[in-house]
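Here is the structure we will look at, set down as structure tokens.
Since every read-out is calculated from the coordinates, none of them should be taken as a lab result. Given the structure is predicted, the values throughout are model-derived calculations rather than measurements. Cβ atoms come from the backbone with ideal geometry, glycine included; neighbour counts cover every protein chain shown.
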Ligand SMILES: [Zn+2]
């Protein structure tokens with residue numbers, strides 16, 4: 001696992017996410033608008049639509065991840081994790097997820113500012129949270145006014161695009177929580193794992209993306225309480241999102257793990273995998289960057305390790321934040337180079353096959369970059385080598401696609 005973060009005291013000024021986020025259309029809303037993009041591959045221009053609606057596609061909402069040294073107020077949204085499970089209420093009829101606001105909760109200890117979504121501020125409860133029993137005069141978000149009590153039974157799911165989550169709970173198949181019966185004093189909130197949230201039917205991605213991003217930060221805050229250099233308790237920095245060691249000055253920034261998702265193509269077929277454990281649906285070759293390698297080298301190594309293939313013509317597609325494993329995923333397409341005989345690593349995978357474009361079965365939801373890449377190839381949005389007229393030249397692998 002590689003931590004890209006500078007830990008030498010340099011400050012990174014602006015970690016705002018790219019404007020492309022705001023430009024991505026949310027295809028789940030009414031009146032949605034397909035986004036048409038042009039992208040360039042080795043001098044050829046192709047058009048495609050906006051693909052699926054990945055978890056970070058929350059437009060017209062927008063994540064503002066700039067640090068603020070802010071104190072929580074009663075109307076702010078409070079996220080609370082216990083054993084990796086977040087406190088939330090799900091309304092299956094409205095297909096809406098809701099987190100409590102600060103005023104609905106008892107003493108949560110110190111609440112840490114996380115981020116804002118379209119002006120709504122999210123804070124992380126550091127201590128245990130108890131919901132107030134009488135909440136008649138508690139401030140509530142406007143969107144929550146008409147929500148009926150929680151009575152959801154959600155299907156099982158697991159939540160990883162990668163065979164080995166970096167940290168946190170294992171991506172295992174687990175039973176979801178059952179809410180109290182709706183008849184007598186139903187519990188409006190319960191705790192969900194992120195895997196369980198992923199299986200919920202939701203009208204928009206805003207809340208689940210906030211949950212994934214909050215989980216990423218929660219996991220970092222809970223694992224950065226002590227200095228890794230001298231062992232002293234760390235303190236909050238008040239100028240940027242960092243923990244600082246009062247004894248030795250060590251600064252600790254949120255950890256983000258770079259990883260790749262790889263669509264390996266052979267003409268009109270895509271290499272589909274399934275992990276040996278955890279996520280049970282179709283996936284692509286995936287893995288974490290290791291020390292001393294470029295992302296392109298990660299692609300080559302992971303494909304060789306998992307399925308025993310050489311690849312060429314590696315082209316970048318898109319990236320995706322995936323908070324459950326503290327990941328930043330980079331998606332690449334490439335072509336098998338030479339012998340296309342799959343030699344699967346049975347320790348990581350239970351399935352690896354060349355699947356013709358029209359026979360690709362997608363994941364149950366649109367959230368993952370993996371799914372978008374499979375969908376793109378299935379629907380002909382990513383050309384095979386033959387369609388692009390690619391010459392069998394290894395120099396191709398140095399070239400990148402650029403999306404505009
Ligand atoms: Zn220290």
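By other beta-carbon atoms within 10 Å, ranking 322, 354 with the fewest at the front produces 354, 322. Segment 341-371 and segment 47-96 have Cα centres spaced 29 Å apart. For segment 191-269 versus segment 297-328, the spacing of their alpha-carbon centroids is 20 Å.
Shape class for segment 274-378: rounded, because the ratio a/c of the largest to smallest gyration tensor axis (alpha-carbon atoms, square roots of eigenvalues) is under 1.5. Model label sites at residue 73 and residue 235, defined 7 Å from Cα along the beta-carbon direction, differ in position by 2.8 nm.
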